[in-house]
1. For the stretch C:141-155, which residues satisfy the criterion of being within 14 Å of another protein chain (Cβ to nearest Cβ) and free of Cβ contacts under 8 Å to residues at least 12 places away in the same chain?
2. One residue is enough: does the stretch C:61-75 have a residue meeting the conditions farther than 30 Å from residue C:150 by Cα, in contact with a Leu (Cβ under 7 Å, 6 or more places away or on another chain), touching a residue at least 60 places away in the same chain (Cβ under 8 Å) and buried (at least 18 other Cβ atoms within 10 Å of the Cβ)?
3. Would you point out which residue out of B:44, B:6, B:70 is more than 20 Å from residue B:224 (Cβ to Cβ) and in contact (Cβ under 8 Å) with a residue 60 or more places away in the chain?
4. Got a number for residues in the stretch A:267-293 being over 14 Å from residue A:120 (Cβ atoms) and either surrounded by 20 or more Cβ atoms within 10 Å (Cβ to Cβ) or aliphatic (A, V, I, L, M) (or both)?
5. So for the stretch B:77-92 (the condition being more than 22 Å from residue B:177 (Cα to Cα), away from chain C (no Cβ under 14 Å), among the small types (Gly, Ala, Ser) and part of a loop (DSSP other than H, G, I, E, B)), does at least one residue qualify?
6. Looking at the stretch C:228-243, can you tell me whether even one residue there is outside any helix (DSSP H, G or I), modelled with pLDDT of 90 or more and among the polar types (S, T, N, Q)?
7. Among the residues of the stretch A:212-226, is any within 14 Å of chain B (Cβ to nearest Cβ) and among the acidic types (Asp, Glu)?
8. Test residue C:187 against the criterion of being more than 21 Å from residue C:257 (Cα to Cα) and either touching a residue at least 40 places away in the same chain (Cβ under 8 Å) or of a type outside the set (Asp, Glu) (or both), and give yes or no.
Amino acid sequence: MAEKMDLVPSQRSPAGEAAARSTILQTPLWKVRLQLAWRGFKSNAALFAENKIGLIGLAVIVMFALMAAAYPILINTVWDPNIYDPIIGYDFTQVEQPAPPSPAHLLGTDPLGRDVLSQLMYSAASEFALGVVAALVTVIVATTVGAVSAYFGGAIDTIFMRLADIIIMMPFVTVLIVLSVLFEIRMLHLALIIGILAGFGGDAIVIKSQALTIKVRAYIEAARIAGGSDAHIIFRHIVPNLLPISFLYMMFTVTSAIFSEAVLSFFGLLNIRMSWGLMIHTTSTAGYLLDLQKWWLIFPASIAITMLCAAFYLVGRALDEVVNPRLRKR
Amino acid sequence: MATNDQTLVKVENLVKYFPVEGGLFSRVRGQIHAVDDISFEIQQGKSLGLVGESGCGKTTTGKLMVRLYQPTSGTIKIRTAEGTLEDIAFRRGKALKAFRRRVQMIFQDPYESLNPRRTVFDTVAEPLAVQGIGTLIEREEKVADLLALVGLTPPDTFMFRFPHELSGGQRQRVAIARALIVDPVFIAADEPTSMLDVSIRIGVMQLMADLADRFGVSYLYITHDLAVARYMCQDVAVMYLGKMVEKAETEELLAHPLHPYTKALLAATPVPDPRLRRDIINIKGGISKPVDPPPQCRFYERCPIADEFCKNNVHPPLEDKGGGHFVACYKV
Amino acid sequence: MSEPLLRVENLTMHYTTRAGDVKAVDDVSFTLAQGDSLGLVGESGCGKTSVALTLLRLMPDNAKILRGKVWLGDTELLSLPYEEMRKIRWNRISMIFQAAMNSLNPVYRVGDQIIEALNTHIGVMSIDQARQRVAELFELVGLDPALMDRYPHEFSGGMRQRAVIAMALSCNPDLIIADEPTTALDVIVQDRVLRQLEEVQAKLGMSMIYISHDIAVIAEVSNRIGVMYAGQMAEIADSIEIFERPLHPYTFALMGSFPSIKGKKHALEPLPGEPPNLISPPSGCRFHPRCSRATEQCKNEVPIFRDYGNNHFAACWHPLEV
């Protein structure tokens, strides 16, 4: 008769059994989890890489990251801080400000005589920081709100959902404008505000609906039967299954954050010293906004904003294709 | 069946109603009588099969037994470690959590009952982790033991796999390991093999039977297939629209069915042998949802032998017709 | 012996996937006589649904037919131009898909959906004629004709399944392929639907291919049974013949793995192992890793589909009775 499956371990040699067991237990659990996480990351990366748009987006992001990293190197080595500082630099050798692009100033200078390229690179870092902080706050808030609303239902659910409705109804930029008038908003504040508004707003609703589909799965019932408390089920079962979708929406929040900052800076409502939006604001207040002759004043900043926003959006779209089939995979 | 030292589970007059909402303000318009006054016992070393078609209340009964739902009324008594029968129908909080070590469940869908983002180890160890049993090392060892026991050998290779890397049969074995790890006395199994491939089913069923023998675990084996119940359970009960209509030892029920519904079920079950022809069954109509049913016999509308008496009296009680064979019918 | 209605010869079909080619159907051959009811039985992934889809040329985009011929009477189906094949579908062969009862469009009345099928495949007829036909079909499947003006959600599962059967019958096909038509139904409803199908088949002299993993149901409705394993036809014979004299070890194992309410309660024998991965199936006989009678030959050579007399064919180097 063909080999039967081994049901009773005592029929195997005790030594063999002990040997089989010791290999697993020799590796500490945290290490095993790390290995598994790495394996998971690699296979997700492979899936992600199949999609060209994701790679394009990622390439653009990397390019801007390099830009942000290059700035401190350049300002400390090649560039003379007096001339190239993005905020207070001034090039006296140029006769007319804003000066068109030249070998010394690859993207020219702005109406205040500051090097445009240096401004662009300096701001890249803070734009990234803004985007990432806002996105993280959104993920944390939206995931928690979504999971808790879905799990408990009832009054808690109603409160959060009505809150979300109110937030969605409010015009986003107008709210930010009002807030900036009332309070002094810096980059970090802006990131937190955007994160919180997005987190309690539309994203919470989307994540809650996803959490509802998870709540009724059999493994949640199994966890309850094992004796799991509400907190255990929410944070150990529901939230881990929400993270792929949360992560996905995070990408879109980055886009929204960068763009909102640009709009607010354009209106001069933010208390920051340099950003892409501020570059456009400077151009506008100097009266060169529609002057196509001085193209280097507008295009670098606006193209940078567009490209970075688009890059995160493309990465988000590619992630969508990674996340969704996996969720449905058997 | 008298309660004796061997009784593991004793259920009396178990009732579960679900409200039907509707109308403009989601008012409660009626009650679905999902489980309507059923009673049964399960003895040590024996398993009870709960058989019926969809909507009869067998899955709800299973979920009540493991307290996924709270009953509307009735008692569910489980034998504790100290040896007494305790009613857990309305327990909450810590007491309920303690009871969860005595009773576990195996689900129908092997793909849905495991969290896709948790490893096999996490899933099987979860009852231990949640109940605070053992150190991490002890839990790893116990999980390895159990994986070997359910036929997933060598345990190394399976411990840290994810559900999507396992086949349906393997996943169900993981679910069985998870159910057994807290040493329960009773497991509710909701159609555990109906979604598995045919050639895998027998292996899993035999595993469950072996484990029942070794560990003295009893099953409430929920299934729509009388043939499967025959192989897994010494006793079987037939449910219809929330009521238990017949209950007896399995071979006795198959050989001498008394209730017309049982007879119809037996006649309708296909037999894997083309040489045997089945009898024609003559019940009419289809199953409806038991929303606020009238007090008469639930089977009256479809019954081929019902008469005026059946129409004018309440649903017949479950009575012993001799030798532990219970039937709820006026015409027997 | 009259001309067989359907002749399948060496049908081979693969799916191309990212992970490799899935050898879903491998060198499958069988014939179906007029009025026969063939049951294709096997586990999930054995290729039975793929065979059906290939016969109707309804395969997904990533499928390719590598070899084989399918003769419906005198017409070879696989080489027909698309338009011609469209005419064959529904008129000569129709299909009831898996979980078909869920495929009724919820926003149209059931009767209207059948009328649409009639208009598309037979040709536009007057409303009265069409409704008359629908009423006939409903009676044929045991549904009250008055129900034709109801919506699908007003039908129960069993009734919906019968409506789908009525739709499949609407153009009077020579052959119906039914893929797990009663899997989602309760046992008493299943009994009714099966008996109805038998009645209809007898009345119209239709042939059927019945696909299921449930050997009990197949034993009920088919007079001829084909056992498939891992994309290949392991054994095919008349129903009683195959039960009394199974030749392929898989057939024998399959029959021993179904519990029964009748007869003596015998111990069930589990089949070791798992159904194989069809991207890299085992060499030689695909069943050899799980077979208790396997030898070197089984590992290296694909067994030939041989005639053992009495219209009984099997592909095995060491059949059970030799």
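1. Matches in the stretch C:141-155: C:144, C:154.
2. Yes.
3. B:44
4. The qualifying residues number 8.
5. Yes; the residues of the stretch B:77-92 include at least one that is more than 22 Å from residue B:177 (Cα to Cα), away from chain C (no Cβ under 14 Å), among the small types (Gly, Ala, Ser) and part of a loop (DSSP other than H, G, I, E, B).
6. Yes: one or more hits.
7. Yes: the stretch A:212-226 contains one or more residues that are within 14 Å of chain B (Cβ to nearest Cβ) and among the acidic types (Asp, Glu).
8. no
The values are calculated or read from the model by the stated rules, or taken from the named source; none is laboratory data. Keep in mind that what you see is a predicted model, and the values were worked out from it rather than measured. Note that each Cβ is placed from the backbone with ideal geometry, even for glycine, and that neighbours are counted across all protein chains shown.
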